[in-house]
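Structure first, commentary second.
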Amino acid sequence: MKKDIIPLLLAIILVLISIGMNLFVDIELDGALYIGIGWLSVASFFYFVDKRIYLFAFGATLLAGLFSLIDIYYVSLKFQIGFFLVNPIFILLIFGFIFLNWDELKTLLAEVPKLKGK
């Protein structure tokens with residue numbers, strides 16, 4: 001198994017736990033979780049279709065979740081830094097994503113000036 005999929009799988013597992021809790025324990029899910037499921041589905045699709053778009057899509061998903069714009073887990077763990085609510089689950093996922101995809105991210109960022117000049 002490729003290690004770069006681990007943060008995506010962890011996010012999917014958290015979503016599945018949330019859906020299971022909704023089905024079996026009667027916990028109500030909010031709109032941020034449904035939006036997070038949609039964004040995570042798009043990122044998962046692009047993991048198999050185009051790795052470069054996956055890096056952007058999953059990175060954007062993680063950043064949106066970091067600032068509590070979306071959610072992937074039924075328990076909302078948040079703390080406030082200044083004006084921002086920060087979700088620690090996404091901090092761990094971002095660190096894992098960057099660590100396990102460092103080489104791909106580095107080559108992708110090296111291509112950005114080339115894309116801007118065209």
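The values are calculated or read from the model by the stated rules, or taken from the named source; none is laboratory data. In this text the structure is predicted, and so the values were computed from the model without any measurement. Ideal geometry is used to build each Cβ from the backbone, glycine not excepted, and the neighbour counts take in all protein chains shown. Surface areas here come from the heavy atoms of the whole protein model, side chains and all, with no ligands, DNA or RNA. Shrake-Rupley method; radii C 1.70, N 1.55, O 1.52, S 1.80 Å.
What to note about this one:
- For the chain: relative contact order, % (alpha-carbon pairs under 8 angstrom, 6 or more apart): 27 percent
- Hz values of 3J(HN,Hα) by residue in region 48-60 - Karplus curve (6.51, -1.76, 1.60), Gly and Pro given as x: 8, 8, 8, 5, 5, 5, 4, 4, 5, 5, 6, x, 5
- Prolate/oblate/rounded call for region 19-84, Cα gyration tensor, a/c under 1.5 rounded: oblate
- Here the chain is treated with +1 on each Lys and Arg Cβ and -1 on each Asp and Glu Cβ, and its dipole about the Cα centre works out to around 600 debye.
- GNM flexibility winner over the chain from Ile37, Ile81, Ile27 (Cα, springs under 10 Å): Ile81
- In the full protein context, the chain carries 65 Å² of accessible surface per residue, based on a 1.4 Å probe and ignoring ligands, DNA and RNA.
- Using the rule -39500 (n - 2.57) for each DSSP H run of four or more residues, divided by the residues of the chain, the 222 nm mean residue ellipticity is -23500 deg cm²/dmol.
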